[in-house]
């Protein structure tokens with residue numbers, strides 16, 4: 001089957017660094033996505049990892065360890081606008097068409 | 001830029017009504033998806049389509065049907081709306097390649113309230 005776990009909520013301070021973890025169990029693996037979703041809006045793509053290691057994109061970085069079934073999203077120099085939900089997603093085991101999403105981590109950035 | 005549009009941002013319907021949610025994408029994507037999103041439950045897949053006239057059930061298809069008559073358009077139908085179908089509905093599309101590595105793009109969502 002397919003299972004994705006991430007923390008429900010996190011709080012951090014403006015200007016700080018925060019790491020949002022995601023663990024997954026899957027038979028077959030075609031990559032892991034991170035999406036950002038502001039309240040009342042659609043998810044928007046942040047990053048995609050298919051190989052082990054860290055991918056950096058400005059203030060956001062995403063890490064993957066396939067052997068551990070683990071990923072994290074690292075947000076640096078936090079800004080108030082980073083307050084949002086962050087969704088981890090990977091492809092379903094029974095069909096490469098379907099992205100399976102975690103429940104999301106709601107991040108609150110405080111001044 | 002990929003664009004996925006949905007027919008309504010907000011919709012209010014009564015129990016028992018038939019409801020159509022339309023989704024259109026302009027990037028010639030083969031795969032299209034309908035999700036619903038509820039607090040604490042995350043995104044759950046209702047139906048998806050990998051080609052015109054092709055459809056497959058997702059994780060929660062009960063009470064829903066879909067139609068894909070044209071490549072760019074994927075419709076979600078609630079035959080007889082019920083209050084437990086009050087939710088945010090998100091459409092998404094993605095191209096198909098052998099490795100399935102392309103990004104999935106979402107529409108803006110339709111917040112449906114069934115009274």
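The values are calculated or read from the model by the stated rules, or taken from the named source; none is laboratory data. What you see is a predicted model, and the numbers here were worked out from it, not measured in a lab. A quick note on method: Cβ atoms are made from the backbone with ideal geometry, for glycine too, and the neighbour counts reach across all protein chains shown.
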Selection within the stretch B:83-115 - in contact with a strand residue (DSSP E or B) (Cβ under 6 Å, 6 or more places away or on another chain), over 22 Å from residue A:89 (Cα atoms) and more than 11 Å from every other protein chain (Cβ to nearest Cβ): B:83, B:85, B:86, B:112, B:113, B:114
Residues (touching a residue at least 60 places away in the same chain (Cβ under 8 Å) and within 12 Å of the chain's Cα centre (by Cα)) located in the stretch B:12-36: B:21, B:23, B:25, B:31, B:32, B:33
Residue match in the stretch A:55-66 (condition: in contact (Cβ under 8 Å) with a residue 40 or more places away in the chain and over 29 Å from residue B:32 (Cα atoms)): no
Index of the failed condition, residue B:44 passing every other in (1) more than 18 Å from residue A:43 (Cβ to Cβ); (2) within 9 Å of chain A (Cβ to nearest Cβ); (3) within 15 Å of the chain's Cα centre (by Cα): (1)
Checklist (1) closer than 18 Å to residue B:7 by Cα; (2) assigned to a loop (DSSP other than H, G, I, E, B) applied to residue B:103, failing item: (1)
Whichever residue in the stretch A:79-100 is in a strand (DSSP E or B) and modelled with pLDDT of 90 or more and, among such residues, is farthest from the chain's Cα centre (by Cα): A:84
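For every residue, the table says whether it meets (1) at pLDDT below 90; (2) in contact with a strand residue (DSSP E or B) (Cβ under 6 Å, 6 or more places away or on another chain); (3) within 22 Å of residue A:91 (Cα to Cα).
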| residue | (1), (2), (3) |
| --- | --- |
| B:8 | no, yes, no |
| B:13 | no, yes, no |
| B:21 | no, yes, no |
| B:31 | no, yes, yes |
| B:45 | no, yes, yes |
| B:48 | no, yes, yes |
| B:54 | no, no, yes |
| B:68 | no, yes, no |
Unmet requirement for residue B:60, which otherwise passes all of (1) buried (at least 19 other Cβ atoms within 10 Å of the Cβ); (2) within 14 Å of chain A (Cβ to nearest Cβ): (1)
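Yes/no matrix, rows are residues, columns are (1) over 30 Å from residue B:9 (Cβ atoms); (2) at pLDDT 95 or above; (3) in contact with a strand residue (DSSP E or B) (Cβ under 6 Å, 6 or more places away or on another chain):
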residue: A:17; (1), (2), (3): yes, yes, no
residue: A:44; (1), (2), (3): no, no, yes
residue: A:48; (1), (2), (3): no, no, yes
residue: A:56; (1), (2), (3): yes, no, no
residue: A:63; (1), (2), (3): yes, yes, yes
Restricting the stretch A:24-78 to residues that are over 14 Å from the mean Cα position of the chain (by Cα) and assigned to a strand (DSSP E or B), the residue that is surrounded by the fewest Cβ atoms within 10 Å (Cβ to Cβ): A:53
